[in-house]
Amino acid sequence: MTRTTSTIRRRLAIAAAASALALLTACSGGGGKKAAPAAGDGAFAPAPGTAACQEHQRNEPGVEYTSEEEGDTGKVFEMLRHYTANGLKPFCDGKAATDLDKRWADLFLGFGADPGLIAPDLGGSGQPPAEPMEDPEAAAP
């Protein structure tokens, strides 16, 4: 699949918006527990940002996460928010990431997310930035 400049820009914008949304959710005390998706429906199983660990994914990423035409922005934001808050946390069962977990993490990284937000066993660097991300326009005097 060839990525155009506009696709890359859109994915970076989504990742930045998701990071901002995750910070707002964390600051507002949001992120209550959500029900797990039904098996086989292609849904992502998120964990609240306050969780001490994350569960393994049980479904393949569906078109609502992978298709430019049929994608669901709300579901993509939920997935981005999950990995922004939980990508460095261990799995609750103490086991390593599965192939499905790695496919979801690859999708997260494919949207231009910082590899430092993802644990090495998920394909990230596990080294979050030392400084919080800053909006260059907001930082300008």
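The values are calculated or read from the model by the stated rules, or taken from the named source; none is laboratory data. It should be emphasised that the depicted structure is a prediction, and the values quoted were computed from it without experimental measurement. Neighbour counts run over all protein chains shown; Cβ positions are idealised from the backbone, glycine included. For accessibility, only protein heavy atoms count, side chains too; no ligands or nucleic acids. Shrake-Rupley method; radii C 1.70, N 1.55, O 1.52, S 1.80 Å.
Overview of results
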| read-out | value |
| --- | --- |
| Subset of segment 78-113 [without any contact (Cβ under 8 Å) to a residue 24 or more places away in the chain and more than 18 Å from A45 (Cβ to Cβ)] | L109 |
| Subset of segment 80-99 [in contact with a helix residue (DSSP H, G or I) (Cβ under 8 Å, 6 or more places away or on another chain) and either among the basic types (K, R) or closer than 10 Å to H56 by Cα (or both)] | R81, F91, A96, A97 |
| Close pairs (8 angstrom Cβ cut-off, 6 or more residues apart or separate chains): touching a residue at least 40 places away in the same chain (Cβ under 8 Å) in segment 45-67, surrounded by fewer than 17 Cβ atoms within 10 Å (Cβ to Cβ) and hydroxyl-bearing (S, T, Y) anywhere | H56/T98; Q57/T98 |
| Filtered residues of segment 116-126 (kept if touching a residue at least 12 places away in the same chain (Cβ under 8 Å) and not small (G, A, S)) | L117, I118, D121, L122 |
| P120 vs. criteria open to solvent by 40 Å² or more (accessible area, probe 1.4 Å), modelled with pLDDT under 95 and either within 12 Å of the chain's Cα centre (by Cα) or within 18 Å of C53 (Cβ to Cβ) (or both) | no |
| Hits in segment 86-110 - residues which are open to solvent by less than 20 Å² (accessible area, probe 1.4 Å) and part of a loop (DSSP other than H, G, I, E, B) | G87, A97 |
